[in-house]
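For reference, the structure discussed in these notes is given below.
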């Protein structure tokens, strides 16, 4: 097959006769198309200079290779060229392929000649590397939420936003801490801020549903394709979280978030505890959140998260003017949902203060835990009795709990959570949960105001 024929058929499958200026990742190249393109380029390895359409095919392949196969680390063109059947290419030939391919695809991305020899354009065309998304989802999600909140609260733009991304780079694997990845994350945050403002998503109960109704192609503006579970979970989770970001005056700089991580492969749900921190907060706000005198807060201190008997370095604070820059550190997966969580203010190993955080209270093993029914992450809403907004909810209960649902049937989802409890889905209406002669009531309704934070009621 000729290269121009392959490209024509590639475009025709998308209802196009010519490139339409979209980034290459937005063409959503399938795995079969990627493998077909690889074979085609390998067949042209010794005669690529004979086809004027070769640069377009090569740039599309390079963008897809970056997205699918780049494993991080120092950038080298060698592995990419070898995958395309080329033993080596000089800098001038790579330069010509990038520039000509950019022109043939009618791309709007500016060409930057400095740095990693045009790798920036290949990265912008391919989008976020999937291996980064799959290997660092927890840290990546924390970085995106922190910087998005910071951008909203302080109206960050351009260079300020890029600097905010780089300031939290420790949340990424070391091999991905580099300029092209930072630029992609910068673009991703700008995309979520754009759709939040354009489609008025603030405080919308179902932002994904609203987007799909008002802008069916909303996914295409993100520099990442959502055809994998990890990517879809990352972006949809970010969209859901950003619509509920409260005004800065009502938000605490530090918070514990407890919930259930729901799988799609049939494996049991897992408890998950995470530490949420703003990227920036004024000094008085930090002091109030920690319950510590403002004048005694040092200009530089460390934040240690204590969960039960375990301690984790969670971040550090650096005073800049009247605001602290809060720099997060990567945390392991924490599944100790029932343990209390506290934040230790430390300076070079010396404990200055221990703060109790919202959501960090110790939980009882003898009372039901009620979660929002929002895959892939179900936020913990309450322990004991609960009133919540929605059409259903999840509840983790001891095995011998008796369940009475008045307006529907409760469904068992899992009987082997990590601590021996079982997970059930409760219908709308009133449900009574009876365990060891204690009765707990859960009311679910579409007109009950949503609760802003985790709270504990009932027999605790």
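Where a number appears in this text, it was derived from the coordinates with a stated rule and is not lab data. Values in this document were obtained by computation on a predicted structure and should not be read as measured data. Cβ atoms come from the backbone with ideal geometry, glycine included; neighbour counts cover every protein chain shown.
Relative to the longest principal axis of the C-alpha atoms of the chain, give the angle of the C-alpha long axis of helix 137-154, reported between 0 and 90° and rounded to the nearest 10°.
On a 0 to 90 degree scale, this one is about 80.
Could you state the angle between the C-alpha long axis of helix 179-198 and the longest principal axis of the C-alpha atoms of the chain, as a value from 0 to 90 degrees rounded to the nearest 10?
Compared with the principal axis, the helix lies near 60 degrees.
Between residue 8 and residue 263, how high is the FRET efficiency from 1/(1 + (r/R0)^6) when r is the Cβ-Cβ distance and R₀ = 51 Å? Nearest 0.05.
For residue 8 and residue 263, the calculated efficiency is 0.80.
Stretch residue 425-residue 92 to full length: gain in nm at 0.36 nm per residue minus the Cα-Cα span?
Going from the current span to full extension adds 113.8 nm.
Quick one: angle between helix 3-12 and the longest Cα principal axis of the chain, in degrees between 0 and 90, rounded to 10, please.
It is inclined by approximately 40 degrees.
Of 99, 195, how do they rank once you tally other Cβ atoms within 10 Å and put the fewest first?
99, 195
Quick check on the exposure proxy: order 444, 245 from fewest to most C-beta atoms within 10 angstrom.
Neighbour counts put them in this order, fewest first: 245, 444.
Please compute the Kirkwood hydrodynamic radius over the chain, one decimal place, Å, based on all pairs of different Cα atoms.
Here the Kirkwood hydrodynamic radius works out to 24.5 Å.
What full-extension length gain, to one decimal in nm, is calculated for residue 166 and residue 31 as 0.36 nm per residue of separation minus the Cα-Cα distance?
45.4 nm
Based on alpha-carbon centroids, what's the gap between the stretch 1-74 and the stretch 182-224 in Å, whole number please?
27 Å
Go through 218-231, 395-408, 141-154 and give me the packing order, highest mean Cβ count within 10 Å leading.
Top of the packing list down: 141-154, 218-231, 395-408.
For the stretch 317-333 and the stretch 412-449, what is the separation of their C-alpha centers, rounded to whole Å?
38 Å
From the helices alone, meaning DSSP H stretches of at least four residues, give me the mean residue ellipticity at 222 nm for the chain, per-run term -39500 (n - 2.57), in deg cm²/dmol to the nearest 500.
My calculation for the chain gives -10000 deg cm²/dmol from helical runs alone.
Applying 1/(1 + (r/R0)^6) with R0 = 35 Å to the Cβ-Cβ distance of residue 21 and residue 43, what FRET efficiency is obtained, to the nearest 0.05?
Rounded to the nearest 0.05, the efficiency is 0.75.
Could you give the length gained by full extension between residue 203 and residue 312, i.e. 0.36 nm per residue of separation minus their alpha carbon distance, to one decimal place?
36.0 nm
Looking only at the stretch 124-152, which residues have a backbone nitrogen under 14 Å from a spot 7 Å from the Cα of residue 109 in the C-beta direction?
Residues passing the 14 Å test: 124-130.
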